[in-house]
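Undergrad: Attaching a single structure in structure tokens format; questions to follow.
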Amino acid sequence: MRRYIEERTVELGKYIVDNKCTVREAAKKFGISKSTVHKDVTQRLKTINLNLAGQVGSVLLENKLERHIRGGNATKEKYRKINVGVGR
């Protein structure tokens, strides 16, 4: 594996753990695709730093368990904005 990929992978892992952020947020911050972030932190990181990979896995699992709540809140906010000016 090329050196810059290893460095990016570790940097992504540390960023996700430190900020408890989602793959989407990390991808936006680093200016790369979500698929690249996901592959880096779920596959490549295991061969580079197993301890960090475990920490990232915990954050990603927590995000996965909470995603239905975030989606529900986003939908609620969307309809709140639509209904603000209607008949009230």
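Undergrad: Only one of THR42, THR47 is among the β-branched types (Val, Ile, Thr) and open to solvent by 90 Å² or more (accessible area, probe 1.4 Å). Can you tell me which?
TA: THR47
Undergrad: Give me the residue from the stretch 58-88 that is surrounded by 10 or more Cβ atoms within 10 Å (Cβ to Cβ) and either touching a Leu at 6+ places or on another chain (Cβ under 9 Å) or β-branched (Val, Ile, Thr) (or both) and, out of that set, modelled with the highest pLDDT.
TA: VAL59
Undergrad: Looking for something under 17 Å from GLN55 (Cα atoms) and either open to solvent by less than 70 Å² (accessible area, probe 1.4 Å) or of a type outside the set (Asp, Glu) (or both) - is there at least one such residue anywhere in the stretch 23-31?
TA: There is at least one residue in the stretch 23-31 that is under 17 Å from GLN55 (Cα atoms) and either open to solvent by less than 70 Å² (accessible area, probe 1.4 Å) or of a type outside the set (Asp, Glu) (or both).
Undergrad: Now a separate question. Looking at the stretch 8-22, which of its residues are open to solvent by 100 Å² or more (accessible area, probe 1.4 Å) and farther than 12 Å from LEU45 by Cβ?
TA: Answer for the stretch 8-22, where residues must be open to solvent by 100 Å² or more (accessible area, probe 1.4 Å) and farther than 12 Å from LEU45 by Cβ: ASP18, LYS20.
The values are calculated or read from the model by the stated rules, or taken from the named source; none is laboratory data. As the structure is a prediction and not an experimental result, all values here were calculated from the model. Every residue, glycine as well, gets a Cβ built from its backbone with ideal geometry; the counts of neighbours run over all protein chains shown. Just so you know, the surface numbers come from the protein's heavy atoms only, side chains and all, with ligands and any DNA or RNA stripped out. Shrake-Rupley method; radii C 1.70, N 1.55, O 1.52, S 1.80 Å.
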